[in-house]
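Since the structure comes first, as structure tokens, the remarks are kept for the end.
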Amino acid sequence: MSDLRLAKAGTIEIAPSILDADFARLADELAVIESAGVSMVHLDVMDGHFVPNITIGPPVLAKLRDCSRLVFDAHLMISEPAKYAKAFVEAGADHITFHIEAAQKSERLIDRLHALGVTAGVCLNPQTPAEAVENIAPLCDMVLVMTVHPGFGGQKFMPEAAKKIARIREIVGPDIRIEVDGGIDPQTTPIVVSYGADTLVVGNAIFSKPDRVAAIKAIRQAAK
Ligand code: DX5
Ligand code: ZN
């Protein structure tokens, strides 16, 4: 377990998603985004079951942990998140998000994540209504709203799904972070920030650009 924590709610944080990074040079990619002043990195975990794609697991996180002081924001797009939560904590995740659509006993899982010493997040797919997390969102440290169907980077932002952010903000108040994931770029950033998102997952709009630092700056500027 690491001693890193999510920033307190109220500030805008950019969480680069490494899904579109150069997987043969992940340590360098983390160093570059850290040099751009971000404090966290979004790690997309896919199991080929909950979503139709497979990415990384605990062994990769553990190796990255050895070479980075960024807050590890693990987005578990997996079936049975409760079964794997401990392995991701032991590998060095600082914050763990599970999908409401995949979890059996969400409240128990949130308690368990807290007991393991990490912060907890719940995520909603574009089609899942805000009401599905009404009772458990206030128990989380961050709620993740998907604005694309999970599984792949580089998809088109879904404006209707983003509107849910405003409802979630009403539910959780100002002290819990709201993260948004999917199609976030300098054009869509002002929209989601106006709805109340404060944590911006950005994959393609950073890692498809040769200059990652300039791309992060452009998002930061758009969030103002
Ligand atoms: C999608 C992932 C996202 C994705 C974001 O399933 O959860 O984190 O990588 O990438 P962009 O910013 O390209 O939509
Ligand atoms: Zn993600």
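Brief remarks follow.
- The relative contact order of the chain, computed from alpha carbon pairs under 8 Å that lie at least 6 residues apart in sequence, is 22 percent.
- Each peptide in 126-133, 91-98 was scored by the mean count of other Cβ atoms within 10 Å over its residues; highest first, the order is 91-98, 126-133.
- Where trypsin sites (Lys or Arg not before Pro) fall in DSSP loop in the range 88-149, at most 10 other Cβ within 10 Å: Lys105
- Per-residue HN-Hα couplings for the range 65-76 [Karplus 6.51, -1.76, 1.60; θ = phi - 60°; Hz; x = Gly/Pro]: 4, 5, 10, 8, 10, 6, 5, 8, 9, 8, 9, 8
- The Cα atoms of the range 88-162 give a gyration tensor whose axes a ≥ b ≥ c have a/c of 1.5 or more with a/b no greater than b/c, which makes the shape oblate.
- For the Cα trace of the range 13-222, dividing Rg by the Kirkwood Rh returns an Rg/Rh value of 0.93.
- With R₀ set to 41 Å, the beta-carbon distance separating Asp22 from Leu139 gives a calculated FRET efficiency near 0.65.
- For the pair Asn53 and Ser35 in one chain, pulling the backbone fully straight at 0.36 nm per residue adds 3.5 nm over the alpha carbon distance.
- Inter-label distance, nm, simple model (7 Å from Cα along the C-beta direction), Ala82/Asp3: 3.3 nm
- Computed extension gain for Ser194 through Gln104, at 0.36 nm per residue and net of the alpha carbon distance, reaches 29.2 nm.
Any read-out appearing in this document is the output of simple, stated calculations on the displayed coordinates, not a laboratory observation. Bear in mind that the values here come from a model prediction, so they are computed numbers and not experimental data. Every residue, glycine among them, receives a Cβ derived from its backbone with ideal geometry; neighbour counts consider all protein chains shown.
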